[in-house]
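Below is one structure, written out as structure tokens; the observations come after it.
The values are calculated or read from the model by the stated rules, or taken from the named source; none is laboratory data. Given the structure is predicted, the values throughout are model-derived calculations rather than measurements. Because the Cβ atoms are built from the backbone with ideal geometry, glycine has one as well, and the counts that use them run over all protein chains shown. Remember, those area values only see protein heavy atoms, side chains included, never the ligands or the DNA or RNA. Shrake-Rupley method; radii C 1.70, N 1.55, O 1.52, S 1.80 Å.
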Amino acid sequence: MTAHPILIDVLILLATAVVAVPLSQRLGLGTVLGYLFGGVVIGPWVFGLIDEVEEIRQRGEFGVVFLLFAIGIELRPTRLWGIRHSVFGLGSAQVIVTGLVLAAAEYALGLPLSIALMVGFGLALSSTAFGLQLLTERSELNTTYGRTSLGILLFQDLAVVPLLALLPLLSEQPLELTESVGVALVEGILIIVGVVVIGRYVLRHVFRLVARSRSSEAFAAVALLIVLGTAALMQKAGLSMAMGAFIAGVMLAESEYRHQVIADIQPFRGFLMGLFFMTVGMSIDFGLLGERAGAVAASVVGVMAVKAILILGICRLSGLHLANASAAALLLAQSGEFGFVLFGVAAVAGVLSDDLFHFLTLIVALSMAATPLLARGITRVLNRWSHRQPSHDIRESPIMGLSDHVIIAGFGRVGERVARILERAEIPYVAIDMDSDRVNAARTKGYSVFYGDASRKEVLEAAGAEQAQLLLVSLDNPSSAEHCVEGMRHHYPNLPIHARARDRDQALKLRELGATLAVSETWEASLQLGAGALQTAGHTPEQINELLDGFRRGIYGAAGEADPEPTEKTATHPQE
């Protein structure tokens, strides 16, 4: 039996990712360049291992869909409202000004006005996939320039709709402008309203029902259904699939299930994004590049320079600091994946010739390939400014995300008491629990609790573990607590982990698995009873504390430290 061609292609792509990404990271180039170079190697111009580049690229675009969903689910509506200036102010200004300037340049080079306008606005769109992937990879999405870039990219996604609707006007097909734009606008508004209503009043109940089944597969299936379903609805209305997924994510941003949803879609997002980047590498036409190297190089440099200068100027006029404006300009200087879509539709409609289509596709692909290299310039700009004015950290955003908080795994009686103590001490926290009913009950009381498996790295990342000061495990099931501590220590070797144990034996086991501190319930109960007896007998508080500290060192002290008294097991079961 021969292997299916699709299976062979998948195996080649997986093998390429396994080799190219670690090598690229080892060289300090980042994962995106690794995927790009891997795509070049297996593409038609090197080894020619994969021929169906366009079909695979269409599959890879789902990575952008999952990426926008993940970004949306991190943006609560109030936070999204906070970047409205970037979306509608900077975003609209960038698209209009950049599109007109590039169109004027194309017209001056001899293209008809209508074609020049379409090409100019197509090249004005930046890459959502590259921009947001680099921001998330560098943990800079919540910075000032990161939020600005996100706002501009969101408006560009919205701008794709009228650009695609206006394309038939440039072809020979008769179509009324009002009909094209009006129908698309009405359908888009109705479907967006429908997604918002369903997301606000239906999805939470669906997640709660599935979570009660304790089936991780069913929960992941619901998450995938929501992402792909909303994307399909938006595409049906002529809108961007990525924009639909983003709106669905925003609707779930306030949900107690969002951490687990992020964890479940993370593997799909990661692989599909890598697939998309590899197809960009495979799309580079080295034959055309060799024939017209000078024109291609001049076009790529010209487009990126014009976009960077205009974005820098627009951001500065809006009041953005020079360093942040420069960082946003470098990040968004490339053309994007929607250029592939726009130019592809135009070629099918007969608006673009095949030669011009391939030339524009090469410009888009090369500009995207140059973006990870420009990211190094972003680092230098931000570091130089921070060094010049260390009292003003232009990287950080005070609006989004927690820092120096405590992550509590398990929200039973112990977890709730710890949360109340932290609230009284004004220490921020995020609690995670796998019992959906318990999560719902706690959230109605005002606690910051979310549904999820705290042993998974993706869930911890969604809870902000990179910025946390402590991981605290209060699970009452011994095996679950041990599994959680082991996973936390593996994923975050430098974070302190405090864990609840039933007895001394489990406390020692948790210490072996990586807990910094493991508190035995029975041990502490016996010490508190003993302290009460000593107090009744007339001992001073200093004497009592000194005596109890000696006992505590036996279990909470350094590993291997002697226990001053027999263990709990010996004391409670002398026959053993």
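Is there any pair with a first residue in the stretch 5-27 that is part of a helix (DSSP H, G or I) and a second that is open to solvent by 70 Å² or more (accessible area, probe 1.4 Å) and hydrophobic (A, V, I, L, M, F, W, C) whose Cβ atoms are under 8 Å apart and which are 6 or more apart or on different chains, and what are they?
Sorted first by the residue in the stretch 5-27, then by its partner, the pairs are Ile12/Leu49; Ala17/Phe271; Ala20/Phe37; Ser24/Phe37.
Any chance the stretch 460-482 includes a residue that's more than 23 Å from Arg258 (Cα to Cα) and of a type in the set (A, V, I, L, M, F, W, C)?
The answer is no, given that none of the residues of the stretch 460-482 is more than 23 Å from Arg258 (Cα to Cα) and of a type in the set (A, V, I, L, M, F, W, C).
Here is a list: Ala103, Ala165, Ala116. Which entry is surrounded by fewer than 23 Cβ atoms within 10 Å (Cβ to Cβ) and modelled with pLDDT of 90 or more?
When all the criteria are applied, what remains is Ala116.
Out of the residues in the stretch 457-493 that are surrounded by fewer than 22 Cβ atoms within 10 Å (Cβ to Cβ), under 25 Å from the mean Cα position of the chain (by Cα) and in a loop (DSSP other than H, G, I, E, B), which is modelled with the lowest pLDDT?
It comes out as Gly464.
Run down Ile262, Ile314 and say which single residue is farther than 17 Å from Met368 by Cα, open to solvent by 10 Å² or more (accessible area, probe 1.4 Å) and touching a Leu at 6+ places or on another chain (Cβ under 7 Å).
Ile314
Which one is most open to solvent (accessible area, probe 1.4 Å), of the residues in the stretch 409-438 that are among the aliphatic types (A, V, I, L, M) and closer than 21 Å to Phe219 by Cβ?
Met434
If you go through the stretch 243-255 one residue at a time, do you hit one that is of a type in the set (Gly, Ala, Ser), within 26 Å of Leu13 (Cβ to Cβ), open to solvent by 20 Å² or more (accessible area, probe 1.4 Å) and at pLDDT 75 or above?
The answer is no, given that none of the residues of the stretch 243-255 is of a type in the set (Gly, Ala, Ser), within 26 Å of Leu13 (Cβ to Cβ), open to solvent by 20 Å² or more (accessible area, probe 1.4 Å) and at pLDDT 75 or above.
Residue check, Arg59 against (1) open to solvent by less than 60 Å² (accessible area, probe 1.4 Å); (2) under 26 Å from Glu458 (Cβ atoms), all met but one. Which one?
(1)
Would a scan of the stretch 499-506 turn up a residue that is without any contact (Cβ under 8 Å) to a residue 12 or more places away in the chain, in contact with a helix residue (DSSP H, G or I) (Cβ under 7 Å, 6 or more places away or on another chain) and of a type in the set (S, T, N, Q)?
No, the stretch 499-506 contains no residue that is without any contact (Cβ under 8 Å) to a residue 12 or more places away in the chain, in contact with a helix residue (DSSP H, G or I) (Cβ under 7 Å, 6 or more places away or on another chain) and of a type in the set (S, T, N, Q).
How many of the residues making up the stretch 507-539 are touching a residue at least 40 places away in the same chain (Cβ under 8 Å) and basic (Lys, Arg)?
Final tally of qualifying residues: 1.
Looking at (1) at pLDDT 80 or above; (2) farther than 26 Å from Arg316 by Cβ; (3) touching a Ser or Thr at 6+ places or on another chain (Cβ under 7 Å), find the lone condition where Val160 falls short.
(1)
Being of a type in the set (Gly, Ala, Ser) and open to solvent by less than 10 Å² (accessible area, probe 1.4 Å) is the filter here, so list the residues in the stretch 322-352 that pass it.
Across the stretch 322-352, the qualifying residues are Ala323, Ala325, Ala327, Ala328, Ala329, Ala333, Ser335, Gly336, Gly339, Ala346.
Being at pLDDT below 80, closer than 13 Å to Gly122 by Cα and either in contact with a Lys or Arg (Cβ under 8 Å, 6 or more places away or on another chain) or of a type in the set (A, V, I, L, M) (or both) is the requirement here; does Val345 meet it?
Yes: the conditions hold for Val345.
For the stretch 119-134, what are the residues that are at pLDDT 85 or above and in a helix (DSSP H, G or I)?
Matches in the stretch 119-134: Val119, Gly120, Phe121, Gly122, Leu123, Ala124, Gly131.
Condition check ((1) modelled with pLDDT under 75; (2) loosely packed, with under 13 Cβ neighbours inside 10 Å; (3) in contact with a strand residue (DSSP E or B) (Cβ under 8 Å, 6 or more places away or on another chain); (4) farther than 22 Å from Gly339 by Cβ) across all residues:
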residue: His4; (1), (2), (3), (4): yes, yes, no, yes
residue: Asp9; (1), (2), (3), (4): no, no, no, yes
residue: Val18; (1), (2), (3), (4): no, yes, no, yes
residue: Thr31; (1), (2), (3), (4): no, no, no, yes
residue: Tyr35; (1), (2), (3), (4): no, no, no, no
residue: Val41; (1), (2), (3), (4): no, no, no, yes
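Give me the pairs: first residue in the stretch 467-484 and in contact (Cβ under 8 Å) with a residue 40 or more places away in the chain, second residue in a helix (DSSP H, G or I) and open to solvent by 40 Å² or more (accessible area, probe 1.4 Å), beta-carbon distance under 7 Å, and six or more apart or on different chains, which are they?
Listed by first residue and then by second, the contacts come to Ser474/Val414.
Pairs, please: C-beta under 6 Å, at least 6 apart or cross-chain, first residue among the small types (Gly, Ala, Ser) and in the stretch 254-271, second open to solvent by 20 Å² or more (accessible area, probe 1.4 Å) and in a helix (DSSP H, G or I)?
Listed by first residue and then by second, the contacts come to Ser255/Arg204; Ala263/Glu458.
Give me a count of the residues in the stretch 329-364 that are in contact with a Pro (Cβ under 9 Å, 6 or more places away or on another chain) and within 21 Å of Leu36 (Cα to Cα).
Total satisfying the criteria: 0.
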